[in-house]
Each structure stands twice: as C-alpha cells, then as structure tokens.
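One structure below.
The values are calculated or read from the model by the stated rules, or taken from the named source; none is laboratory data. None of the values given here were measured: they were computed from a predicted structure. Only protein heavy atoms, including side chains, enter the accessible area calculation; ligands, DNA and RNA are left aside. Shrake-Rupley method; radii C 1.70, N 1.55, O 1.52, S 1.80 Å.
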Amino acid sequence: MKRIVYLIPFLALALASCTSNSYSIEGITTYENSDGATVVFFHGDETDTTYVKGNAFSFEGVAENPEIGIIRIDNGERKMMYCYFVLEPGKLNIEVSPYSTCSGTPLNEKYTEYQIQKRKDADERRAQLKELNEDSSLTAEQKAEYDRLTDEEKALSNMDKIMKLIDEKDY
C-alpha cells in the first residue's frame, strides 16, 4: 500500500512532464477553393503533411524547444500560401491568408504584433511615396529623395522575397 502512495505522485509528475511540451495547431485558410489542398508543415528537420478540409487543417506533436515553423498550402494552381510562426508548446491558432497570423502562445502573440506593426509602417510609407509621386510641384532634390525612398522600398520588398526563398531552400 505504501508503494502505491509513493507511486501516484511519481506517475502524475511523469504524465505532466510528457504533455508539457506538446503542441496542437488548429489552422484555417481564407483562400477560396482550398478544400483538398496540400498543407505542408516544416519544423526543424521534419516535414508533416495533411489536407485542407472545410477550409481547416490541424497538426499535433511535441516541441522540445521553440523553433521557426512554416505552414505552406499548395492548392495546385501554382499559388502557394505561407504562414511563418514560432513552434512552441501550447495551442496555436493559425490563419493562412494574405496577412497570415498565428496566436495562442506568448511568442506568437508578440510576433503577430510585430508583423502587424511592420505592415502598418509599410502601408504608411507607401502612402507617403504615393503622395510624393502625385505632387507635380516637387523640386529636383525632392524627386531624387522620392526615387531613393522608392528604391529602398523595392529593396525591402526584395529582401522579404529573398528571405522567403532562403526559408524554402533551408540554407
């Protein structure tokens, strides 16, 4: 009887430690005609695959340490959709859309806030560039500044594309 009393706390601790690193991903996509599309989940050196059903998909597993995860949805029409997030223990809620987001865990909440702010900043910068472009009274110096800012914007956009390619190729 004493052995059982000592065994119960040990078993409870063992069960708690087994589930503490688990994650579940509940995902949705806002893209039309996504049912049946292949969903590929890249994490570490592993790749898991499932399919979209009713605009939803899910994955479960264990995350020993936080790492970058990537969800790619391929609908077969040569258009792939992505969501980058931090894979960490907990329940992750992912939306794959033109502005993909992930929520439900502390690091993903912060990452999503960062992404939203980054988009707002980029939108403000584009609006300023558009306003400058439409102003016909610009001096040569102001036009040169507009060209410089436009080139910077293109470079930043290209850098995002390059980073996406690097992630895809796993360099």
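Using Cα-Cα distances under 8 Å and only pairs 6 or more residues apart, what relative contact order does region 23-107 have, in percent?
Numbers: 197 pairs, mean separation 28.1, N = 85.
Relative contact order for region 23-107 comes out at 33 percent.
Kindly report, to the nearest 10 Å², the accessible surface of I28 as traced by a 1.4 Å probe over protein heavy atoms only.
Estimated to the nearest 10 Å², I28 gives 80 Å².
Calculate the tail of P(r) for region 69-139: the fraction of all Cα-Cα distances greater than 19 Å, expressed in %.
Of all Cα-Cα distances in region 69-139, 51 percent exceed 19 Å.
Order F59, F42 by their accessible area, 1.4 angstrom probe, all chains in place, largest first.
I get F42, F59, largest accessible area first.
Top to bottom by accessible area (1.4 Å), largest first, where do D48, D35 land?
D35, D48
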